[in-house]
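The values are calculated or read from the model by the stated rules, or taken from the named source; none is laboratory data. All values reported here derive from a predicted model rather than from experimental measurement. When we count neighbours, we look across all protein chains shown, and the Cβ atoms used for this are built from the backbone with ideal geometry, even at glycine. Just so you know, the surface numbers come from the protein's heavy atoms only, side chains and all, with ligands and any DNA or RNA stripped out. Shrake-Rupley method; radii C 1.70, N 1.55, O 1.52, S 1.80 Å.
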Amino acid sequence: MKSTESAARPGGREWAGLAVLMLPVLLISVTVTVLFFALPSLTAELEPSGAQQLWIVDIYAFLLAGLLIPMGNLGDRIGRRRLLLLGAAAFGATSAVAAYAPTAELLIAARALQGAAAATLMPPTLALIRVMFTEPRRLQTAIAVWASVFTLGSVVGPIIGGWMLEHFWWGAVFLINVPVMAVLLVLGPILLPEYRDPSPGRFDLVSAAWVLLAALPAVYAVKKAAEQDYGPQTLAAALVGVLFAVLFTRRQRRLATPMLDLGLFRSKAFGVSLITAAIAVFALVGTFYFITQYLMSVLEMRPLTAGLMTLPTAVSSVAGSLLGAAATRWFRPGYVIGSGMLLGAAGFVLVARLGTAADLPLLFAGLLLLGWGIGSVQALASNTVVSSAPPEKAGSASGLFESATEFGQALGAAVLGSIGVAVFRSALADGMPAGLPAEQGAAASETLGGALAVAGELAGGTGAALAEAARSAYVAGMQTAAWSGAVIMLVMGVLAFINLRRVRVGEEAPPEPAADAAR
């Protein structure tokens, strides 16, 4: 067991342990986006149906979002390091199965298990940081590293995917996880402490089931809304999700040892930071929903080239996370978080000025501002959320924080995507070439890719006119979505200034935890 002094002043072992914890954080965030580039070759080999292709992409996020809170709570009870290592073994094994899956059905099953394993990895990483770094500013720096690596993984996923698919087969995007998890299994027991809640109470299976039944339909409804599907199934899924969320909340209020301590929300800093972090991820994912297609279909770049164009966001998000944390030496966290949201809003404004012709300086400037702003917000908001929770509940708080960011990702594509698609269809209807058959016009109105495919089938100037109209309509949709994102970020930035202006670094940190003697 560490002494108080050594715990307050982490040495090389703690920083090395932090580096080990970043391995699953990086891989899980990469896994969310890296699959997008593998879909064409994966589809050609396994020949999944349209529904199966959607499940291959979505089932991972469904299980990840649904299990984060229960797994965070489980880690508090059985030991955070133990849960992390069990999850690492499961994540590596399921990744290997996914890489060599001979059928779409087996790949869907492997992706589901991979999502469940990922849910066991994320909460312990943030919760163990809470134990390893107890001095407020060092804790803030460590969480800033966590946030920057998480954001970095989401951004570099397309770059990694583009490069790997130019050199290997589609399964390589999964197989890369195996050696990294092996390193974690070797170094984790050596460098990471064990910690568990000394008085955990019993694990409530009913609460675990209800949070899963709340999250799965809610994520499904959001994803269907992102596909412009507002039918009875989508509405029913949303209502089921809300029903079980209410049941889960009511049960937590009655339990002596709840899975999620709702008392955390009495802290304004906790609640506002949670919402701000979700909005920041909402903005990032909503932006890349458009930017990747813009680069490849409007500016006609190769996948790897398009991925490299997003590097400014990766670099600036890391800088924003680390320097944003450092800035709290002179400014209160609320001012840094609010400023980050305003910088993100400014980035959206620059993105809204992009047109059908390549303007790389404007693109890079917009992505730099977005990355910097979102990086600083994520670092400080996650620090506030984790520091607000008692040490024995840090796993549950981490699971809640990560659940909020998962829903932020889903909502980013759904809300901003819906806005952009609606404008795209309206603008394309106004600019559709005369004489285009109704069937082809309907196909062209679905997506930019569909419009360009139809344009390629048309002879003469009609195809060129349709392609130009489709690219212009897509840019109009992207611009409208970017303006919407700017307004949302601006409003949330002002609210962060107002509600977090009195919070100081370490002010809400509870007493120092006692690490488990088992090492």
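Below is a table of values for the structure above.
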| item | result |
| --- | --- |
| Criterion (modelled with pLDDT under 80 and under 19 Å from PHE407 (Cβ atoms)) met by exactly one of PHE62, PHE168 | PHE62 |
| Checking THR249 against (1) open to solvent by less than 20 Å² (accessible area, probe 1.4 Å); (2) in a helix (DSSP H, G or I), the condition it does not meet | (1) |
| The range 435-460 residues that are under 19 Å from VAL298 (Cβ atoms), paired with ones that are modelled with pLDDT of 70 or more and open to solvent by 70 Å² or more (accessible area, probe 1.4 Å) (beta carbon under 8 Å, 6 or more apart) | SER445/ARG425 |
| Any hit, the range 444-463, residues being farther than 30 Å from PHE270 by Cα, touching a Pro at 6+ places or on another chain (Cβ under 8 Å), open to solvent by less than 30 Å² (accessible area, probe 1.4 Å) and assigned to a helix (DSSP H, G or I) | no |
| Condition check for ALA88: within 22 Å of PRO193 (Cβ to Cβ), open to solvent by less than 30 Å² (accessible area, probe 1.4 Å) and touching a residue at least 24 places away in the same chain (Cβ under 8 Å) | yes |
| Number of the condition not met by ALA238 [criteria: (1) closer than 28 Å to ASN73 by Cβ; (2) at pLDDT below 80; (3) of a type outside the set (Asp, Glu)] | (2) |
| Total residues in the range 298-320, condition of a type outside the set (Lys, Arg), touching a residue at least 24 places away in the same chain (Cβ under 8 Å), open to solvent by 20 Å² or more (accessible area, probe 1.4 Å) and part of a loop (DSSP other than H, G, I, E, B) | 2 |
| Among residues of the range 98-119, those that are under 15 Å from THR31 (Cα atoms) and out of contact with any Lys or Arg (no Cβ under 7 Å at 6 or more places or on another chain), counted | 13 |
| Which listed residue is in contact with a Ser or Thr (Cβ under 7 Å, 6 or more places away or on another chain) and modelled with pLDDT under 75, from SER3, SER29, SER49, SER41 | SER29 |
| Criterion (open to solvent by 40 Å² or more (accessible area, probe 1.4 Å) and either of a type in the set (Asp, Glu) or free of Cβ contacts under 8 Å to residues at least 60 places away in the same chain (or both)) met by exactly one of LEU323, LEU295 | LEU323 |
| Given (1) assigned to a helix (DSSP H, G or I); (2) open to solvent by 30 Å² or more (accessible area, probe 1.4 Å), index of the condition ALA280 fails | (2) |
| Meets criteria (modelled with pLDDT under 80, over 30 Å from the mean Cα position of the chain (by Cα), within 30 Å of ARG137 (Cβ to Cβ) and part of a loop (DSSP other than H, G, I, E, B)) for ALA514 | yes |
| Residue match in the range 331-348 (condition: outside any helix (DSSP H, G or I) and either open to solvent by less than 50 Å² (accessible area, probe 1.4 Å) or more than 17 Å from ASN499 (Cβ to Cβ) (or both)) | no |
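Per-residue answers, yes or no, for (1) in contact with a helix residue (DSSP H, G or I) (Cβ under 9 Å, 6 or more places away or on another chain); (2) at negative phi; (3) of a type in the set (Gly, Ala, Ser); (4) at pLDDT below 85:
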position: LEU83; (1), (2), (3), (4): yes, yes, no, no
position: ALA93; (1), (2), (3), (4): yes, yes, yes, no
position: ALA96; (1), (2), (3), (4): yes, yes, yes, no
position: GLN114; (1), (2), (3), (4): yes, yes, no, no
position: VAL131; (1), (2), (3), (4): yes, yes, no, yes
